[in-house]
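Contents: one structure, followed by commentary.
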Amino acid sequence: VINTRVLLAKRPAPKMDESCFRLELIPLAAPGPGEVVVRSRYLSCDPYLRLEMASERFALDQPIRARAAGVIETSADPAWPEGTRVWGFFDWADFSVVPTSALHRVSADTTLSQAIGAQGMNGLTAWVGALDFGRPQPADTVVVSSAVGSVGSIAGQLAHLAGARVVGIAGSEAKLRHAVDDLGYDAAVSYRGAHPLGEALTAACPNGIDVYFDNVGGAVLEAVLPLLRPQARLAMCGSISRYDDPSSTAPDLSRLMGSGATAQWFSVHHHLHRLPQVSAAIGRLLVDGALTYVETFVDGIEHAPTAFLQSLHGDHVGKVLVRIGDVN
Ligand SMILES: NC(=O)c1ccc[n+]([C@@H]2O[C@H](COP(=O)([O-])OP(=O)(O)OC[C@H]3O[C@@H](n4cnc5c(N)ncnc54)[C@H](OP(=O)(O)O)[C@@H]3O)[C@@H](O)[C@H]2O)c1
């Protein structure tokens, strides 16, 4: 079997483009004891990979390694038979040789794509940030940036289900419409609109902001700070505006001192023990129709670089996944 892999050809310095990646066709290795070959079905396009690619954590001329879901093709571990549906951190490749100690089973009531999206670490991230740290109350105004992305779309809807008034921030008119019409946001404003974001937020949040779920950092966070109410909660999830722009600066949060605000930075990796319960709860909300989750698929491993670049800057809504083959 010939395996197609996507290698990191050069570091994104300063900007990332397709020349950072290279395709390689190589004979597939056999699994050693305690290993399996996984046939990947979905690769997750996650913004943090942009940071990894710029750092020594990813080696040059080696495959990108990222969250993915698939099916065991060949096994050298009797506890993990062929055909088992799994997710883990696999190569950007049609096939990956993986130690079974690094595998997670995908339950029968979860699709492979959602196991690495709404019912996976994206859903858990949204849950921890929006509910545990945001603690939204019915009278609260909650603002979510990158409001229609994979994490943001779930965070905003969870806050809405808790009874809060939810305002989204996104880039394009189409995304603003999607936020209100499809995801149930009470209002949505653009950080790239005709009016400065601060003015648009002031109009959309007449009582100020009680909770801010930050996916973006930078100038968007800067515009939110003056509107925060006393005792506001900030769930500091990510700073995507800075990942591809090392020159951008972070606002000085020490100015919140005296307001009683709390800013909680968090990593989903510290909350993985809760994944089964949160995954099941989100699964129920999806089945009940209480939660909307949109997936955008880009077909073929050879298009993984394009999909990743689009996920950072494109017009997609929801989760972007590279799809390989047609089994779910
Ligand atoms: N803390 C954790 O453990 C954890 C776990 C997972 C993810 N995260 C973080 O959560 C955030 C969201 O992740 P995701 O996977 O759901 O990705 P995502 O929100 O779908 O990210 C892509 C979107 O980010 C927006 N964006 C890109 N550059 C921007 C800029 N300069 N200013 C404002 N918006 C910008 C774009 O939307 P527009 O068209 O609206 O610009 C783009 O479509 C990321 O910051 C990620 O690093 C954190």
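The values are calculated or read from the model by the stated rules, or taken from the named source; none is laboratory data. Just so it is clear, the model here is predicted, and its values are computed rather than measured. Cβ placement follows ideal geometry from the backbone for every residue including glycine, while neighbour counts extend to all protein chains displayed.
So the values come out like this:
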quantity	calculated
So Ala235, is it under 21 Å from the mean Cα position of the chain (by Cα), within 28 Å of Arg192 (Cβ to Cβ) and buried (at least 17 other Cβ atoms within 10 Å of the Cβ)	yes
Search result, residues across the stretch 185-202 that are closer than 13 Å to Val143 by Cα and either more than 9 Å from the ligand (Cβ to nearest atom) or out of contact with any strand residue (DSSP E or B) (no Cβ under 7 Å at 6 or more places or on another chain) (or both)	Tyr185, Asp186, Ala187, Ala188, Val189, Leu197, Gly198, Ala200, Leu201, Thr202
When residues of the stretch 143-167 are limited to those that are part of a strand (DSSP E or B) and either more than 19 Å from Ser239 (Cα to Cα) or of a type in the set (Asp, Glu) (or both), the one farthest from the ligand (Cβ to nearest atom)	Arg165
All positions within the stretch 289-323 that are modelled with pLDDT under 95, loosely packed, with under 14 Cβ neighbours inside 10 Å and not in a loop (DSSP other than H, G, I, E, B)	His313
Residue match in the stretch 266-288 (condition: in a strand (DSSP E or B) and modelled with pLDDT of 95 or more)	no
Extreme residue, nearest to Ser239 (Cα to Cα), among residues of the stretch 309-328 that are more than 12 Å from the ligand (Cβ to nearest atom) and of a type outside the set (A, V, I, L, M)	Arg323
Subset of the stretch 72-96 that is touching a helix residue (DSSP H, G or I) at 6+ places or on another chain (Cβ under 8 Å) and aliphatic (A, V, I, L, M) - its residue that is nearest to Glu24 (Cα to Cα)	Ala93
Top-ranked residue of the stretch 203-218 - restricted to ones that are farther than 22 Å from Ser150 by Cβ and in contact with a helix residue (DSSP H, G or I) (Cβ under 7 Å, 6 or more places away or on another chain), ranked as farthest from the ligand (Cβ to nearest atom)	Gly208
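For every residue, the table says whether it meets (1) in a loop (DSSP other than H, G, I, E, B); (2) touching a residue at least 40 places away in the same chain (Cβ under 8 Å); (3) hydrophobic (A, V, I, L, M, F, W, C).
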{"site": "Ile169", "(1), (2), (3)": "no, yes, yes"}
{"site": "Ala179", "(1), (2), (3)": "no, no, yes"}
{"site": "Glu199", "(1), (2), (3)": "no, no, no"}
{"site": "Val216", "(1), (2), (3)": "yes, yes, yes"}
{"site": "Val220", "(1), (2), (3)": "no, yes, yes"}
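To keep it simple, each residue is scored yes or no on (1) within 11 Å of the ligand (Cβ to nearest atom); (2) of a type in the set (A, V, I, L, M).
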{"residue": "Leu227", "(1), (2)": "no, yes"}
{"residue": "Met236", "(1), (2)": "yes, yes"}
{"residue": "Asp244", "(1), (2)": "yes, no"}
{"residue": "Ser254", "(1), (2)": "no, no"}
{"residue": "Trp265", "(1), (2)": "yes, no"}
{"residue": "His271", "(1), (2)": "yes, no"}
{"residue": "Val294", "(1), (2)": "yes, yes"}
{"residue": "Ala307", "(1), (2)": "no, yes"}
